[in-house]
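Structure record follows, encoded as structure tokens.
What follows draws every value from the coordinates through simple rules; no lab data is involved. These numbers come from a predicted model, not from an experiment. No Cβ is skipped: glycine too gets one built from the backbone with ideal geometry, and neighbour counts run over all protein chains shown.
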Amino acid sequence: MEPAFWHKRWADNQIGFHQAQVNPYLQTHWPTLGLAPGARVLVALCGKSLDMLWLAAQGYRVLGVELSRRAVEDFFAEHGLLAQVTQHGGFEVWRSDEVELWCGDVFALRAEDLAGCAGVYDRAALIALPGPMRERYMALLSEQLPAACRGLLVTLDYDQGLIDGPPFSVPDAEVRTGFAGWRLDEVEAREILDESPKFLKAGVESLVERVYSVRR
């Protein structure tokens, strides 16, 4: 996925991946991680997700990373948040209280940028990327996040040959290979095909959403 693809999706308001409510997996499983309030949490390819507000409300410091400036602007405008905007390397950084959104390329993140991150949350980043970019993304998290980082990962698993992504299918075996240095525990799996007309129309016979607890 080239940057132009995502910029156009946001410009055309083709953002079906955006959820109008806080993700229930986050609300159910995040408290089980035992992450202390005040910890910094990375949310990559964050869009304007309400999940970031939920994390901040639980006392966490959120570091969202998003390519689209439109998404960043919308997040602050839609919630009436006044942002202080600064520059950090190749990122435009928007700050308001416990939320920072870094507008730029997630692959430009360095270890020093993520040094304070004790948590990571991924609902829609990994599944937004095609295969080679997924490998780069998982390598980035494994190489740049601090030791003992923990969090949640949500994936989809379906027959990719029947319909193009995004969202892309990321089978369990690929997740475990890409996060080989992590401890992964599948904490929930749901068949959601009946909730997904686009996949039904394409002839997909199974669409499984998996939730992993991940720990370095």
When the label point is put 7 Å from the Cα of GLU92 along its Cα-to-beta-carbon vector, which residues of region 45-79 have a backbone N closer than 13 Å?
66-76
For region 30-47, Karplus couplings with θ = phi - 60° (6.51, -1.76, 1.60), whole Hz, Gly/Pro x
4, x, 6, 6, x, 7, 5, x, x, 5, 8, 10, 7, 10, 7, 6, 7, x
Note on the chain: helices (DSSP H) long enough, at least 18 Å by alpha carbon along their axis, and hydrophobic enough, mean Kyte-Doolittle at least -1.0, are 131-144
Taking K and R as +1 and D and E as -1, what net charge do the other residues with C-beta under 13 Å from the C-beta of TYR137 add up to?
-3
Lys/Arg Cβ at +1, Asp/Glu Cβ at -1, dipole of region 137-216 taken about the Cα centre: which of PHE199, ALA173, ALA148 is farthest positive-ward?
ALA148
Summing +1 for each Lys or Arg and -1 for each Asp or Glu, what net charge is found among the other residues whose Cβ lies under 10 Å from the Cβ of GLY38?
+1
Would you calculate a helix-derived [θ] at 222 nm for the chain, using -39,500 (n - 2.57) for each DSSP H run of n ≥ 4 and dividing by the full residue count, to the nearest 500?
-7500 deg cm²/dmol
HN-Hα couplings for region 193-209 via Karplus (6.51, -1.76, 1.60; θ = phi - 60°), in whole Hz with x for Gly/Pro, come out as 4, 5, 9, 10, x, 4, 6, 4, 4, 7, x, 5, 9, 8, 9, 9, 9
Over the chain, calculate the relative contact order: mean separation of alpha carbon pairs under 8 Å at least 6 apart, over the residue count, as a percent.
17 percent
